[in-house]
1. Compute the signed sum of charges (Lys and Arg +1, Asp and Glu -1) over the other residues within less than 12 Å, Cβ to Cβ, of Val59.
2. Any idea what log10 I(q)/I(0) is at q = 0.21 Å⁻¹ for the stretch 94-185, Debye with uniform C-alpha scatterers and no solvent?
3. Just to be sure I understand, if you calculate Rg and Dmax of the Cα atoms in Å for this structure, which of (1) 18.5, 65; (2) 17.7, 62; (3) 22.8, 75 do you get?
4. Only four residue types carry charge here, +1 at the Cβ of Lys and Arg and -1 at the Cβ of Asp and Glu. Report the dipole size of the stretch 94-185 about the Cα centre in Debye, rounded to the nearest 20.
5. Between Ala17 and Ala39, what's the calculated FRET efficiency when r is the beta-carbon distance and R0 is 22 Å? Round to 0.05.
6. Would you mind telling me which residue in Ala54, Ala122, Ala17 has the biggest mean-square fluctuation in a Gaussian network model of the chain, where springs connect alpha carbons within a distance under 10 angstrom?
7. How do the peptides 55-62, 110-117 rank, highest first, by the average count of neighbouring beta carbon atoms within 10 Å per residue?
8. Given only helices, namely DSSP H runs of n ≥ 4 each adding -39500 (n - 2.57), what is the per-residue ellipticity at 222 nm of the chain, to the nearest 500 deg cm²/dmol?
Amino acid sequence: MARITATAAKAAAATAAVDLTTILQDDTLEELFLDYKNAQHPIRKFENFFLVDAATGVVTSNDDYIDNAYAGDYPTSGIESGRQDAGVPSPLLVVSATLETAQPRDIVITFNQKIFANPQTAMTIAGAGVGAKTIVSVTISTSGLVMTIVVSADFINTDVVTVSGRVFGNHNNYLDLTAEAVTNNI
């Protein structure tokens, strides 16, 4: 099987360029959609739009990636849709941080807006009663509003616990927790 000519490749790329322009343009204004002006926006990561079968050479659309990008499931450092009139992003805040009797190994932290898993997120715990307890897992709920930190042993009602670490939201937003007090409801 021979490679196509450069002329044929350029013609195919021109067709693809028209389609990519359709994806990137504002549907009302004849310009790049505001969010996509940021080169780091997931919609600008064209290489992720496609899946290539190395055995057959067939290229298919990566629908899961596109769905996630449109759903906002990727943190971005650009202006989100409509944010240009809203000023600076609202700050990421802790709504509550609790320990509960039903799950005495779980520190449950609720936020005022969606948070995202990030490789730079490293949570730590401290306080009276923490002792040799270690963090077993850190998960974020499907809604993105709740982080659950599971530790290696149960807390008891006299434990005083704090949490520290960096939590990431959208709009290049993050919150540094520094000895955030956890309400003990055990």
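No lab work stands behind these numbers, since they all come straight from the coordinates. Keep in mind that what you see is a predicted model, and the values were worked out from it rather than measured. Don't worry about glycine lacking a Cβ; one is built from the backbone with ideal geometry, like all the others, and counts go over all protein chains shown.
1. Net charge around Val59: -2.
2. Log10 I(q)/I(0), no solvent term: -1.00.
3. From the options (1) 18.5, 65; (2) 17.7, 62; (3) 22.8, 75, the structure gives (3).
4. 200 debye
5. 0.80
6. It is Ala54.
7. Listed from highest to lowest mean packing, they are 110-117, 55-62.
8. Here the helix-only value at 222 nm equals -5000 deg cm²/dmol.
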